[in-house]
Ligand code: SP5
Ligand code: ZN
């Protein structure tokens, strides 16, 4: 069945400024503007977000932390060795988290509804009480908690940003209703995401980490999807799929050392769309995270939107032709840690 795609975006995302030379720069929002305008001209609905509410944010952040961030309004503040505010950042970060919530609302509003939120700043490093790694509010976590509060019994978050989403993992690590799955370069910033981190207490087994050695190629990610991610998602049976879509595992990205092609982002999106169609009538919300090469970001966002719009395309994994066992190594570590919880 054709899928109806909605983009959530506002040109105001460029108002969050970072210091000169910082990779998470406002030009990233200008790329998102161009992508949104292109899809709008092709008939896709583009809607501006409204700010996440205090009630929505409090599901995953501490009240004292919300106050600390709100006190940066009107000021340029260094929150962390690589996380900064400009005078507008608090307001814009509220819009970014609100956009993730709106993407989820759209996805939950009917069958075959998918949404792509084009946002900055990103969110997946933000902890309950701490800004980190360019992230102020954890928009995907806020959106997943919003979905749970609005009738989704089980939510799957898949995070293919090249960095491990420490904040998202920690916020849901004892929650069996929110599955967190991450592929990431490892060892690398922020240091978390070893295969042995599988969740805690009632959430044991509901954190799935695929730590990949630097240099991983398209085939390594395909292996991780085929051997771990798709089998776990099929057994979990989510009511909604949320994607933390970072594009910094792209071969052009200046921050990290992975070698994904643009087509691999389309393939991952197609695999996850397949999961959503089999498990939850196509309900799927994709929210941007990192991705610091502007050309790679533009091309990859386009490829993701293309994959979500209209008829389902087959997942066509590109071939790099590079011989690599990084995928197999990650799969072995993950299946060893997770075999008490899932069938592989
Ligand atoms: C969302 C996202 O992609 N965030 C990426 C954050 C990457 N940060 C790398 C930081 C590297 C070392 N940080 C120590 C700061 C010393 N100035
Ligand atoms: Zn990242």
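Of everything listed in (1) in contact with a helix residue (DSSP H, G or I) (Cβ under 9 Å, 6 or more places away or on another chain); (2) not in a helix (DSSP H, G or I), the single unmet condition for residue 105 is (2). Look at (1) under 23 Å from residue 245 (Cα atoms); (2) touching a helix residue (DSSP H, G or I) at 6+ places or on another chain (Cβ under 9 Å); (3) not in a loop (DSSP other than H, G, I, E, B) and you find that residue 51 fails only one, number (3).
Just one residue in the set 263, 298 is in a helix (DSSP H, G or I), out of contact with any strand residue (DSSP E or B) (no Cβ under 6 Å at 6 or more places or on another chain), more than 16 Å from ligand 1 (Cβ to nearest atom) and in contact (Cβ under 8 Å) with a residue 60 or more places away in the chain; that residue is 298. Of the residues making up the stretch 59-78, none is in contact (Cβ under 8 Å) with a residue 40 or more places away in the chain, within 16 Å of ligand 1 (Cβ to nearest atom) and under 18 Å from residue 25 (Cα atoms). Among the residues of the stretch 108-134, those that are within 14 Å of ligand 1 (Cβ to nearest atom) and either in a loop (DSSP other than H, G, I, E, B) or in contact with a strand residue (DSSP E or B) (Cβ under 6 Å, 6 or more places away or on another chain) (or both) comprise 119, 120, 121, 122, 123, 124, 125, 126, 131, 132, 133, 134.
Of all residues in the stretch 223-240, none that is on the phi < 0 side of the Ramachandran plot has its Cβ atom under 7 Å from the Cβ atom of a residue that is assigned to a loop (DSSP other than H, G, I, E, B) and at pLDDT below 95, 6 or more apart or on another chain. Within the stretch 146-180, being away from ligand 1 (no atom under 16 Å from the Cβ) and surrounded by fewer than 24 Cβ atoms within 10 Å (Cβ to Cβ) holds for 148, 149, 150, 151, 152, 153, 154, 173, 174, 175, 176, 177. Residues in the stretch 240-260 that are over 10 Å from residue 291 (Cα atoms) and in a loop (DSSP other than H, G, I, E, B): 251, 257, 258, 259.
Would it be correct to say that residue 192 is within 16 Å of ligand 1 (Cβ to nearest atom) and either over 24 Å from residue 300 (Cβ atoms) or without any contact (Cβ under 8 Å) to a residue 60 or more places away in the chain (or both)? Taking the combined requirement at face value, the residue satisfies it. In the stretch 14-24, which residues are within 14 Å of ligand 1 (Cβ to nearest atom) and either in contact (Cβ under 8 Å) with a residue 24 or more places away in the chain or in contact with a strand residue (DSSP E or B) (Cβ under 9 Å, 6 or more places away or on another chain) (or both)? The answer is 16, 18, 19, 22, 23, 24.
Each row is one residue, and each column tells you yes or no for (1) farther than 28 Å from residue 300 by Cα; (2) buried (at least 18 other Cβ atoms within 10 Å of the Cβ).
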{"site": "13", "(1), (2)": "no, yes"}
{"site": "20", "(1), (2)": "no, no"}
{"site": "31", "(1), (2)": "no, yes"}
{"site": "40", "(1), (2)": "no, no"}
{"site": "58", "(1), (2)": "yes, no"}
{"site": "74", "(1), (2)": "yes, no"}
{"site": "90", "(1), (2)": "no, yes"}
{"site": "97", "(1), (2)": "no, yes"}
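Once the stretch 126-145 is narrowed to residues that are more than 25 Å from residue 106 (Cβ to Cβ) and within 16 Å of ligand 2 (Cβ to nearest atom), the residue that is surrounded by the most Cβ atoms within 10 Å (Cβ to Cβ) is 131.
Against the test of being within 17 Å of residue 140 (Cβ to Cβ), away from ligand 1 (no atom under 16 Å from the Cβ) and in contact with a helix residue (DSSP H, G or I) (Cβ under 9 Å, 6 or more places away or on another chain), the options 232, 228, 286, 241 yield a single qualifying residue, 241.
The values are calculated or read from the model by the stated rules, or taken from the named source; none is laboratory data. Fair warning: this is a prediction, and the values are worked out from it, not measured in the lab. With ideal geometry, Cβ positions are generated from the backbone for all residues, glycine too; neighbour counts draw on all protein chains shown.
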